[in-house]
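Here's the structure, in structure tokens; my notes come after.
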Amino acid sequence: MRKIEITPVASKRDRREFVDLAYRLNGSDPNWVAPLRSEAMELVTPGKNPFFEHADVELMLARAKGRVVGRISAHIDRLALAQPPEQGMGPGTGNWGLLEAEDEDIAHALIARAEGWMRMKGMDRVLAPLSMSVWEEPGQLVRGHDHPPTVMMGHQPERYARWIESAGGYAPAKSLLTYELDIRKDFPPLIQRIVAAGEKNERIRIRKVDKSRFDEEARLILEILNDAWSDNWGFVPFTEAEIAYAGKKFRPIVFEDLIMVAEYDGEPVAFMMTLPDLNEVLAPLKGRLLPFGWAKLLLWLRKPKVRTMRVPLMGVRKRLQSSRMASQLAFMLIETIRQNAVANYGASRGEIGWILDDNQGMVAIADALETTINREYVIYEKVL
């Protein structure tokens, strides 16, 4: 039996090898979209990713005969520890993620080492995979391997789910679903009537975001998000640093007619963020902007033409969520952006998600729009 040595990432070279492994192991998968290497490096670098400001993180590399054959991150998010246990996180809960391995034995060794690190830190339960925050790429893909992910969604080999389940003690805790639909079609008549009624209500206003006030608008949207999602399973609030970081990342792909805010009596109470699928232009670049990638990306960003639009985030303030207005505002936001996406960007397909499988309100909206589930991610749990 070969010897597998697992060591913490301790140098720039280690960190570079940690990042590079994903490209080597996934490069032959036609549906894996290589992230830009600069962003992949930023994700795992303290001082670059503000997640490190409120989390203890241990990046680990597995080597056999000196060659890197696997990787994993183990982390304890102090903000997650402070959440109510009934919402999924809570005291004693650690996480691992960013798993890559050449075979099952290596995967099991890495998972065991991550569990040991968490036990040493006093954790008694693990939720995984989270790569690394719940706001980044949570869950293991179990359905939808036959097509590429949209922007900011994960894509892992199908075999990884089997390896996690065979590691011992892991059971599904929650499924995260994405829904797709043909946005060239008008919505069902009932939805059209709901939208038309809202448009006649003078107390409701649907407006574009104002990119000239980008920081202010980003703060508003994330403030609504923190309120709207605060009771959701797995919720961890955004910090001020993460709000600024998210704004910086989103800014190049923010288009005013794709992100809408709903106001009621002049108060912002809901929003919907839609992003053109950046992965459509990133896929051919193979993770590199040089020598010609920069020019292609900049040209695309001037006026994207895409097949797919992704809705990564939407929310209605918590106090309205049990009212009929919540769904009305959601349908009004969706319909306004649908029309803009088709007319201004040539889009034909929409993807909404991820959505928790037991989020009855959002699942009902997806069903009313006659969508179909196209991807499923599972977050597993285990008692340590």
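The values are calculated or read from the model by the stated rules, or taken from the named source; none is laboratory data. As the structure is a prediction and not an experimental result, all values here were calculated from the model. All Cβ positions, even for glycine, are placed from backbone atoms using ideal geometry, and neighbour counts span all protein chains on display.
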May I ask you to verify whether Glu216 is part of a helix (DSSP H, G or I), farther than 18 Å from Glu351 by Cβ and in the same structural domain as Asp367 (by TED's automatic domain parsing)? yes
Among the residues of segment 184-213, write down those that are of a type outside the set (Lys, Arg), touching a helix residue (DSSP H, G or I) at 6+ places or on another chain (Cβ under 6 Å) and either in a helix (DSSP H, G or I) or not assigned by TED's automatic domain parsing to the domain that holds Asp357 (or both). Ile191, Ile194, Val195, Gly198
Count of segment 340-361 residues which are of a type in the set (Ser, Thr, Tyr) and part of a loop (DSSP other than H, G, I, E, B): 1
Out of Gly122, Gly154, Gly94, report the one residue that is in contact with a strand residue (DSSP E or B) (Cβ under 7 Å, 6 or more places away or on another chain) and either within 30 Å of Val254 (Cα to Cα) or in a loop (DSSP other than H, G, I, E, B) (or both). Gly154
Might you let me know whether segment 52-62 holds any residue that is of a type outside the set (Gly, Ala, Ser), farther than 16 Å from Arg159 by Cβ and part of a loop (DSSP other than H, G, I, E, B)? no
Out of everything in segment 320-354 that is among the basic types (Lys, Arg) and over 17 Å from Tyr264 (Cβ atoms), what residue ends up being surrounded by the most Cβ atoms within 10 Å (Cβ to Cβ)? Arg338
Would you pick out the residues in segment 122-139 that are modelled with pLDDT of 95 or more and surrounded by fewer than 20 Cβ atoms within 10 Å (Cβ to Cβ)? Gly122, Met123, Asp124, Arg125
Asp77: in contact with a Ser or Thr (Cβ under 9 Å, 6 or more places away or on another chain) and either farther than 21 Å from Asp20 by Cβ or free of Cβ contacts under 8 Å to residues at least 40 places away in the same chain (or both), yes or no? yes
Is there a residue being closer than 30 Å to Leu282 by Cα and among the acidic types (Asp, Glu) anywhere in segment 156-175? yes
Whether any residue in segment 257-278 is among the hydrophobic types (A, V, I, L, M, F, W, C), in contact with a Gly (Cβ under 7 Å, 6 or more places away or on another chain) and either over 24 Å from Pro50 (Cα atoms) or touching a residue at least 12 places away in the same chain (Cβ under 8 Å) (or both) is what I want to check. yes
For segment 140-193, name all the residues that are among the acidic types (Asp, Glu) and either in contact with a Pro (Cβ under 7 Å, 6 or more places away or on another chain) or buried (at least 18 other Cβ atoms within 10 Å of the Cβ) (or both). Glu180
Consider Ala112 carefully, then state whether it is more than 16 Å from Trp354 (Cβ to Cβ), more than 21 Å from the chain's Cα centre (by Cα) and surrounded by fewer than 17 Cβ atoms within 10 Å (Cβ to Cβ). yes
